[in-house]
Structures are given as C-alpha cells and as structure tokens.
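> Quick one: the structure is below, questions incoming.
Here, each number is a calculation from the coordinates, and none is a lab measurement. These numbers were taken from a predicted model, which means no experiment stands behind them. Here Cβ is always computed from backbone atoms with ideal geometry, including for glycine, and neighbour counts include all displayed protein chains.
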Amino acid sequence: MRQLMILALSLGLLSLPAMAQDFPKAEIFGGYQYTHLEPGVDANGWNASLTGNVDRWFGITADFSGAYKSGGHFHTYMFGPVFSARTDKVTPFAHALFGGASGGTFAMAFGGGADVKMADKVAFRLIQADWLVLRSEGFTSKKNVRVSTGLVFRF
C-alpha cells in the first residue's frame, strides 16, 4: 500500500509541469463570414469574437457578426462556453452560443473550428462552422449556417 501511495505521489509531482503549461488568457478573432439563411439567402460579412480563457480547455466567448446582401443586413450577438483541445500547432474548439439577432430574434449557434498557430501570439482560424438556429414570433428557422475564417490574436 505504501509503494502505491509513493507511486501516485511521484506521478502527481511529475505531472505538475504539464498542468502549469501556459495558455492564452484572452483571444480576439476577426475575419470574413459567409452566411446561408433559410429560405435561400446567401450573404457575406464579418465575424468577430473575444474569448476569455479560464484554463487550458475552457473559456467564455462573446461573438458578434454581420452579414449583408442587396442592401439588407443581419447582425448577431451571442455569448457562451467554448471548449478547446490545445496542441503546439493546432487548437480545435467547440462552442455553444446564445443571444440575439436583428429584429429582436433569439439566436443560437452550435459549432466549432480549428486555429493554426502562425506565430507566438497569432493564429489563423482555418475554419469556424456554426449551425445557426433563429427564433422569432413563434417561428423557428433551423436551416442556417455560417462559416468564418480570419486571424486570432492571443494575449
């Protein structure tokens, strides 16, 4: 029993450097967004987010976007948890975002993506893909998608 306790303590102490690995405390993303809205509206625009990371794998995101077509516009503002699996080169992530959109619409986005490290404090968001659910005046629109790409600045 004593040997088992010594082994467990030794493994715990050896894992401390791995647990103390650095991670960005905040990330700012900005880039291009393609949005497909039901019943067949395809629009281009921008997507931006600010993420505060609590630890290596969990953070809270504030996400904002704008899509434009033929003089019309559609904006979203959503917030929620993000889960990341960080490696030295690539950071895949998944998120669930909740908030609103143009015209008092309730909006939810479920999705994720992957960031590829370019430099110490800069990454390229290879892709972010979200299933966008919108609810307004008793009608729920579920066939909406947005895809984004751009730069991530890490602090």
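> Per-residue ellipticity at 222 nm for the chain, helices alone: DSSP H runs ≥ 4 residues times -39500 (n - 2.57), over residue total, nearest 500 deg cm²/dmol?
The per-residue figure over the chain is -4000 deg cm²/dmol.
> Separate question: Given ALA94, TRP46, PHE106, which one lies farthest toward the positive end of the charge dipole of region 24-154, if we put +1 on the Cβ of every Lys and Arg and -1 on the Cβ of every Asp and Glu?
In region 24-154, that residue is ALA94.
> Another question about this same structure. Can you work out ³J(HN,Hα) from phi for every residue in region 80-90, in order, using Karplus 6.51 cos²θ - 1.76 cosθ + 1.60 and θ = phi - 60°, giving whole Hz and x for Gly and Pro?
After applying 6.51 cos²θ - 1.76 cosθ + 1.60, I find x, x, 10, 10, 10, 10, 6, 10, 5, 10, 10 Hz.
> Kindly count the pairs of lysines across region 24-154 whose alpha carbons are less than 29 Å apart, treating pairs on different chains or eight or more residues apart as eligible.
Qualifying lysine pairs in region 24-154: 7.
> By how many degrees, between 0 and 90 and to the nearest 10, does the Cα long axis of helix 2-19 differ from the longest principal axis of the chain?
Between helix and principal axis, roughly 40 degrees.
> Under a point-charge model restricted to the Cβ atoms of Lys and Arg (+1) and Asp and Glu (-1), what is the dipole moment magnitude of region 52-155 relative to its Cα centre, in debye to the nearest 20?
Here region 52-155 has a charge dipole of around 180 debye.
> Okay, next question. Please give the charge dipole size of region 97-155, origin at the Cα centre, charges +1 on K and R Cβ atoms and -1 on D and E Cβ atoms. Round to the nearest 20 debye.
It comes to approximately 80 debye.
> If you don't mind, another one. Would you indicate which of (i) 1.06; (ii) 0.95; (iii) 1.13 is the value of Rg/Rh (Cα atoms, Kirkwood Rh) derived from the coordinates of this structure?
(iii)
> Then there's this: Give a residue-ordered list of calculated ³J(HN,Hα) values for region 144-155 (Karplus: 6.51 cos²θ - 1.76 cosθ + 1.60, θ = phi - 60°; whole Hz; x for Gly, Pro).
10, 9, 9, 10, 10, 8, x, 9, 10, 9, 10, 10
> Run the quick spin-label model on TRP46 and ILE60: label points 7 Å from Cα toward the beta carbon, then report their separation in nm to one decimal.
If labels sit at TRP46 and ILE60, their model points lie 2.5 nm apart.
> Among GLY138, PHE153, VAL116, whose Cα projects farthest towards the positive end of the dipole of region 66-155, with charges put on the beta-carbon of Lys, Arg (+1) and Asp, Glu (-1)?
VAL116
> Over region 11-136, what is the relative contact order in whole percent, taking alpha-carbon pairs under 8 Å and six or more residues apart? Please list the in-between numbers first.
Numbers: 274 pairs, mean separation 17.9, N = 126.
That works out to 14 percent.
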